[in-house]
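Worksheet: the structure to be examined is printed underneath.
None of the figures in this text is laboratory data; all of them are computed from the coordinates on show. As the structure is a prediction and not an experimental result, all values here were calculated from the model. Here the Cβ positions follow ideal geometry from the backbone for every residue, glycine too, while neighbour counts run over all protein chains shown.
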């Protein structure tokens, strides 16, 4: 098979060394395939269980409104479209005026909804809520597997470093909370780590087919999240420079052709899928670039200082193991060297990954709108750096490690993954008790976050099961007086005849000044009492209201709703505390006293 390689063959020893590495890697790949099947099944089971826990708790509105709500609309014919999905172009409008979201990610959940529809299982509200998360669990498990495989490829020869990386990945507070959520960032992270595995990170390169796979996956990641280019482009530039220095002009042409082919292939898929979805020629990256970058609409949802990812993003993503992540990053930046002298498979691979991570975080820091989840593509790399530090800081005795590897190589492939991970955890406890404690500390907040924000989901599931509410179109309406997109919508309500409304937060799409523009949510929370007076007609027609308990702390609002005949019908625990004061307290379902429906 044709090889895309950068050869440094100025001496015979270098060539023989590269040949020995290639033979060893071929053996490792064979062992990895045999082990990978059983490992993936276990990872899938683990992520499926995590999905069942996280799917009923809240993280970001996009996990519902930018994926499941869209998929539900495709499969069942009804659902809300936020401004990102609306096509208001006139016949003469340019493509850059169109919607900014691609349908590629929501489309993954459409088959699940269609199967539930055909089998009449969509009436099972809980199943409707849980099934999409199980789809994302498959991608999360793939990401876990390739995080392990990438670590095995670039970290020290002893597989213990790769297992330590996988352990850090599975016990990470951030991945436990986000990996199985139906966010495009979650799939982006999986595509990225698989692409990195196939990308030629070291001088000895990889097969041309592996490079093409990597480039296509990077292109898909960029189609989902255009900011992913900040990660993939530096890698391609580094490889290009390496090829130019080596004088491999034919391979420079091959790299250019493969990159162009990958970009063209994914662009065609994107164009066809989005044009079919929107009903006219649509290329969403152009509109995304215009709206979010050039016009700065994303700043409407918040602007953070340039140091946000350093002072807030990384500490939250890495949590108590941040010191080991930073140590591993520093070691990787220096080629994996440490005081322990542990051997590394390829120093340049680690250094390249560290530099790319640094460039990605720096590039994302230049954008005004920042969120922790925007770091998701490099989260597997952060765990890899953490695994490197945890492994090398053990300072193993060389002879003991050599003897251990000799005795264990024939047995590790047959050891069940949970037992192998427990062995790594026990090893860490013996040699690095502080790191062991820091890693397990992730589990405490993770357990809490399995429930945090769950009231906003459970109230919608409750409403979907009530015949009187789903028939409210004939008798009244459902209103949600919360910060916009606090709850899921039809993806959880699944009630086509329900007349419902919520407080919106449309951005200034008509060129209004961002500094002075106020959306409906701003107007409501500036003076909730005045809003209720001004919106009296809609309130009068409403039979049920969903609110956060903190709203009723305003005596005027409490009195107005009481005078309108609203009483607390049911409460849903939501959180111990919330940084947004508007979202504090329980979720309350208010119902009119004179409501004639069943309870």
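With label points built 7 Å along Cα→Cβ from the Cα atoms of residue 347 and residue 275, find their separation and express it in nm.
5.2
Go ahead and run the numbers for FRET between residue 525 and residue 283, Cβ-Cβ distance against an R0 of 22 Å, rounding to 0.05.
Once rounded, the FRET efficiency stands at 0.05.
Want the number for residue 440 to residue 504: 0.36 nm per residue separation, take away the alpha-carbon distance, what's left?
Numbers: separation 64, 0.36 × 64 = 23.04 nm, distance 4.03 nm.
Residue separation times 0.36 nm, minus the Cα-Cα distance, leaves 19.0 nm.
Beyond 22 Å, what percent of the Cα pairs of the range 455-592 remain?
Of all Cα-Cα pairs in the range 455-592, 37 percent lie more than 22 Å apart.
Note down the nm distance, to one decimal, between modelled labels 7 Å out along Cα→Cβ at residue 299 and at residue 512.
Each label point is offset 7 Å from its Cα along the Cβ direction, giving 1.7 nm.
If I take every Cα pair under 8 Å that is 6 or more residues apart in the range 455-592, average their sequence separation and divide by the length, what percent do I get for the relative contact order?
27
At a Förster distance of 30 Å, what's the computed FRET efficiency of residue 550 paired with residue 497, Cβ-Cβ distance as r, to 0.05?
Once the sixth-power term is evaluated, E becomes 0.45.
Once you keep just the Cα pairs under 8 angstrom separated by 6 or more residues, what percentage relative contact order results for the range 544-599?
Contact order relative to length: 47 percent.
Work out, step by step, the length gained on full extension between residue 330 and residue 563: first 0.36 nm times the residue separation, then minus their alpha carbon distance; give nm to one decimal.
77.6 nm
So if we plug the beta-carbon distance of residue 263 and residue 237 into 1/(1 + (r/R0)^6) with R0 = 25 Å, what FRET efficiency do we get, rounded to 0.05?
E(calc), rounded to 0.05, equals 0.95.
How many angstrom lie between the Cα centre of the range 44-121 and the Cα centre of the range 277-327?
If we compute the Cα centre of each part, the gap is 20 Å.
Which of 88, 370 comes first, and how do the rest follow, when ranked by fewest Cβ neighbours within 10 Å?
Values: 88 10, 370 22.
Least crowded to most crowded, the residues run 88, 370.
What is the fewest-to-most order of 325, 165 by other Cβ atoms lying within 10 Å of their Cβ?
Fewest to most other Cβ atoms nearby, the residues stand as 325, 165.
For a quick check: sort 349, 129, 250 by the number of other beta carbons within 10 angstrom, fewest at the front.
Ascending number of Cβ neighbours within 10 Å: 250, 129, 349.
When you count, for each residue, the other Cβ atoms within 10 Å and take the mean per peptide, how do 310-319, 218-227 rank with the highest first? Kindly include the intermediate steps, with their values, before the conclusion.
Working: 310-319: 17.5, 218-227: 23.1.
Going by the mean number of other Cβ atoms within 10 Å, highest first, we get 218-227, 310-319.
Hull surface divided by four, with the convex hull built on the Cα atoms of the range 58-217: how many nm²? Numbers along the way, then the final one.
Values: hull surface 52.5 nm².
For the range 58-217, averaging the hull's shadow over all directions gives 13.1 nm².
Quick one: length gained pulling residue 83 to residue 124 fully straight, 0.36 nm per residue minus the C-alpha distance? Mind dumping the intermediate values first?
Values: separation 41, 0.36 × 41 = 14.76 nm, distance 2.97 nm.
So the extension gain works out to 11.8 nm.
How many nm separate the modelled label positions at residue 451 and residue 540, each set 7 Å beyond the Cα in the direction of the Cβ?
Between residue 451 and residue 540, the simple spin-label model gives 4.3 nm.
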